[in-house]
Structure formats: structure tokens, C-alpha cells
1. Residues in segment 245-277 that are modelled with pLDDT of 90 or more, farther than 17 Å from residue 199 by Cβ and crowded, with 17+ Cβ neighbours inside 10 Å: how many?
2. Does residue 139 satisfy being in contact with a strand residue (DSSP E or B) (Cβ under 7 Å, 6 or more places away or on another chain), at pLDDT 90 or above and in a strand (DSSP E or B)?
3. Given the condition over 25 Å from residue 201 (Cβ atoms) and buried (at least 18 other Cβ atoms within 10 Å of the Cβ), answer yes or no: does some residue in segment 25-42 qualify?
4. Which of the residues spanning segment 58-71 are under 28 Å from the mean Cα position of the chain (by Cα) and surrounded by fewer than 13 Cβ atoms within 10 Å (Cβ to Cβ)?
5. Among the numbered criteria (1) modelled with pLDDT under 95; (2) surrounded by 19 or more Cβ atoms within 10 Å (Cβ to Cβ); (3) farther than 20 Å from residue 170 by Cβ, which single criterion is violated by residue 201?
6. If residue 91 satisfies every condition in (1) surrounded by 13 or more Cβ atoms within 10 Å (Cβ to Cβ); (2) within 23 Å of the chain's Cα centre (by Cα); (3) closer than 30 Å to residue 160 by Cβ but one, which is the exception?
7. Grab the strands (runs of 3 or more DSSP E) fully contained in segment 218-301, keeping just those with 1 or more residues being more than 18 Å from the chain's Cα centre (by Cα), within 30 Å of residue 161 (Cβ to Cβ) and without any contact (Cβ under 8 Å) to a residue 24 or more places away in the chain.
8. Residue 194 versus (1) at pLDDT below 90; (2) surrounded by 14 or more Cβ atoms within 10 Å (Cβ to Cβ); (3) closer than 27 Å to residue 98 by Cβ: which is the lone unmet condition?
């Protein structure tokens, strides 16, 4: 049986005054506040070696330990969760994933995932692994936008090969803090697990090759709207590369230069998978799809535009 995952944190001055459950939900990837409260209630969290309530108020220097039990041996359950389907045919499905939805089951997320919803809508979807039916690539939980799902083995093989050969096109819209020094460019910097914080990725010498292309779409005072295209697909690549340039994604709770609180009403990073293109597995014709900004990001963008115009 797998051992529990144990995460350790040290509260700093910026964390002082924050509730324990809020801190853990922000600091532990993919953990909701409700899940943090449940783990605290089960005695899986400690502060300075003692169990505390979810309402415990952090102080600088507090040493926190969170234990996440391994998931029970899982069988993916169909769940009738509404999905925004951009395109579907006998071979592929293009989904517009909302922010907050996890793509496939993981510790702390045995249900409510895109995979659960797909299996309910397409009961014969049994490819790509028992817990990842037809899923070719993923998006972070709080990144919204387009991803493609394969409906048969042929489609899975063709799309996976396109990913491997970097022929699939993935373009994102992102707002970053600050202004870019050039109107367009490429960030070519290897990515690996952060040497001191295993919750994060980082630019690390000797890490896996990673390249991100960007183009400025709009300057918004102290912020910039970018169009970002991935050449490689490393974990958290855009978020890591933008922080590496000292231009973190607006609202990103993990990859930031300062401990952020909600900005412009955002409760997540301003990152949206806006355009997706691939060669269709049946016939090889190029297929490309677009997703508009969801309401929360559009509202934040409108506020930034209004603020920039008022300067």
C-alpha cells in the first residue's frame, strides 16, 4: 500500500493572521478548502507538532505538517457533470474545461473530475488508462480552456504522437504583472522539480527542455495581456517561465513574487487555454478550435482596461 504524502510548510510574516485551513488550501496543490478542513478534522495536520483546529490563526515561524492519505484503490465512477463540448465526432471530443475542475482522479480528488464526467457522457470510453479515459493532455485545476479527448485507440495513438512530435498547437491567454521588455520572444529554460520546495516546479540547470513563445497583445498599465504558445508541455510551464522572467501570472497563488490575496476579484491565475489545433486522426485535416475568456477573466480584463484608460 502506498505511504501517505507528507507536506511541510513554514509560515512567514506574510502568512501571519491567516487561518490554517485557508493556508493549506492555498499552499497544497489541488487541495480545496473543504478538503483541507476534512484532513484537519481527521488529525492529518499539525502545527508545531500539535493538532489544531481549522480556525487556528498562523504566526510567523509556525511549522506545519500535512499528511494526505493515499487514495483508496479506485474504480472510475461515471458522474453526470455538465460539460461544455466544443466539438465531438466518432474520434475526438474537444472540451472547454472550467476553472476548478481536476482533469483526472488524484489524491484528494477521487470524484468530480473531467474523467468522471467523460465516462458518464461516453460510457464506452475505456482507452488511455483506467483512470484517464481518452485524456491526451491536461490542464491545471485552475486553468480553464480547451483540451482534446480521444474516443478510440487509433485517435489516442495519433494525438499522442502529435504531442510527442510537437505538432499540436496550444495557445493561451495570460495576464502578467509588469510589462515585457520586447513585443514578442521565446523563453528557453529547463524545468524540473524545485530543489527546496517539492510542491513547485522551477527553472533548474539540467532540467527537462522547455520552450515558451509569447507575444504582447495589450499593455494594461502595470500589467500585460499575452498570447502564449507552448512548444513543450512541462508541468506548470507557463507559470514557471513567467515567474522566471519576473512577470508572474496575475492571481497565481503558487508562482508569485509576493504572497497574493485576491486581485481584481480573481480567485485563480489569469491563464486560459484559448486555442487548440491538431491534425484530425481521421484523414489528417488540420482542425483548430477557440474558446473565449470565461466570465471571471473577462471581468478582470475589463477592470484592467478601465484602470489603464483612467491613467
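The values are calculated or read from the model by the stated rules, or taken from the named source; none is laboratory data. In this text the structure is predicted, and so the values were computed from the model without any measurement. With ideal geometry, Cβ positions are generated from the backbone for all residues, glycine too; neighbour counts draw on all protein chains shown.
1. We begin by selecting, within segment 245-277, every residue modelled with pLDDT of 90 or more; these are 245-252, 255, 268-277.
Then drop every residue that is not farther than 17 Å from residue 199 by Cβ, which leaves 245-247, 250-251, 270-277.
In the following step, the residues that additionally are crowded, with 17+ Cβ neighbours inside 10 Å were identified as 245, 247, 250-251, 270-277.
Summing the residues that are modelled with pLDDT of 90 or more, farther than 17 Å from residue 199 by Cβ and crowded, with 17+ Cβ neighbours inside 10 Å in segment 245-277 gives 12.
2. No; evaluated as a whole, the condition is false for this residue.
3. Here is the first cut: in segment 25-42, the ones over 25 Å from residue 201 (Cβ atoms) are 34, 37-38, 40-42.
Adding the requirement that they be buried (at least 18 other Cβ atoms within 10 Å of the Cβ) leaves 37, 40.
Yes, segment 25-42 contains a residue that is over 25 Å from residue 201 (Cβ atoms) and buried (at least 18 other Cβ atoms within 10 Å of the Cβ).
4. 63, 70
5. That leaves (3) as the condition not met.
6. In the conditions (1) surrounded by 13 or more Cβ atoms within 10 Å (Cβ to Cβ); (2) within 23 Å of the chain's Cα centre (by Cα); (3) closer than 30 Å to residue 160 by Cβ, residue 91 misses (2) alone.
7. On the way: elements: 223-230, 271-279, 286-290.
Where strands (runs of 3 or more DSSP E) fall fully within segment 218-301 and carry at least 1 residues being more than 18 Å from the chain's Cα centre (by Cα), within 30 Å of residue 161 (Cβ to Cβ) and without any contact (Cβ under 8 Å) to a residue 24 or more places away in the chain, they are 286-290.
8. In the conditions (1) at pLDDT below 90; (2) surrounded by 14 or more Cβ atoms within 10 Å (Cβ to Cβ); (3) closer than 27 Å to residue 98 by Cβ, residue 194 misses (3) alone.
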